[in-house]
Amino acid sequence: MTIVARVIAISNQKGGVGKTTTAVNLACCLAQSQKKVLLIDMDPQANAGSGLGIYPQNFEHSIYQVLVEEKPMQDIIVESQIPLLHFAPARQDLAGAELELVSAFGRETRLKEALEPIRPNYDFIIIDTPPTLGLVTVNALTAADSVLIPLQSEYYAMEGLSQLVKTTSLIKKRLNPKLEREGILLTMFDRRNNLSSQVEQEIRSHFPNEVFAAVIPRNVRLSEAPSHGKPALIYDRSSAGSQAYWEFSQELLAKYFKPTATEKPKTSRSRRKSEAAADSAH
Ligand code: ATP
Ligand code: MG
């Protein structure tokens, strides 16, 4: 049976909500679950690469050449240190693509077309996007089957979310009718802060069945891991942050594959207890 990758864009126009952290750690957890994964960095900040210990300045080509010069995707893909996880790097020059694409023919569908020939090579293609709604993000949302929304558990979370819902409806109407919402992932959750729980309640009641049961806690290991060039699961497998991303990845996998993972997903209740223990340990 030929597989065709599910393409998931990780997006939120709000900055610093955990898009890149989610992209890197989800991609790693899926690959560690024996799925073939391609992580595409679509952000000129190029943080996803450093999270994998891959430094784009070492490469001649990046996603810029795919978007602007229509270079085949295959030519820019590199292997990572994690088996089954491939990476398509971005560099700062991607910022220039926004302007150069404005007058280009088929400017919104460049990534979609570039992905067509390689989709059968992967189970999942994960795209990290920048915190802006320019042509680069539009390309990601046009190429994607679904959009995954990381949401920081804080007061203004709902505002960012309604903006994103509007954006995706517009893309769906004009460019990509099959675009779905993969779901909302609560990030940087702080259980000592009542506000986090209030935000969780509000989001779950506004978007019933769309919020993942797994919640990512605020965890220092998640912010340390990129400076070691490793996803959290490799840097510190037992940390509350990597456990939460693992649980989230298994929840997502269960939507598309029958569970085969050796590690049994924990229940929400047992996870919260173990997280609390791990939080105090780290
Ligand atoms: P941008 O919009 O700039 O691309 P982003 O949405 O990709 O940002 P990240 O880069 O993933 O956000 O995260 C912002 C910062 O918060 C980073 O320093 C990251 O290490 C840290 N961070 C992300 N998630 C967590 C977490 N759950 N606990 C602690 N720190 C986190
Ligand atoms: Mg980012």
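What follows draws every value from the coordinates through simple rules; no lab data is involved. Remember, it's a predicted structure, so these values are computed and weren't measured experimentally. Here the Cβ is made from the backbone with ideal geometry for all residues, glycine too, and neighbour counts use every protein chain on show.
Table for the structure above
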{"item": "Within a Gaussian network of the chain (alpha carbon springs, distance under 10 Å), most fluctuating of 256, 245, 64", "result": "256"}
{"item": "Gained length - residue 70 relative to residue 92, 0.36 nm times residue gap less alpha-carbon distance", "result": "6.1 nm"}
{"item": "Karplus-derived HN-Hα couplings along segment 135-147 (A = 6.51, B = -1.76, C = 1.60, θ = phi - 60°), whole Hz, x at Gly and Pro", "result": "5, 5, 5, 4, 4, 5, 6, 6, 7, 7, 7, 8, 10"}
{"item": "Excluding exposed DSSP-loop GluC sites (Glu not before Pro) (at most 14 other C-beta within 10 Å), longest clean stretch of the chain", "result": "71-209"}
{"item": "Contour excess over end-to-end distance, with Cα ends at residue 79 and residue 58 and 0.36 nm allotted per residue", "result": "6.2 nm"}
{"item": "Average projected area [Cα convex hull, the chain], square nanometres", "result": "14.1 nm²"}
{"item": "Segment 152-227 and segment 81-103: distance between their alpha carbon centers, rounded to Å", "result": "24 Å"}
{"item": "Debye-sum result for segment 57-195 in log10 I(q)/I(0), which assumes one identical scatterer on each alpha carbon, at q = 0.12, 0.17, 0.18, 0.20 Å⁻¹", "result": "-0.56, -1.04, -1.13, -1.29"}
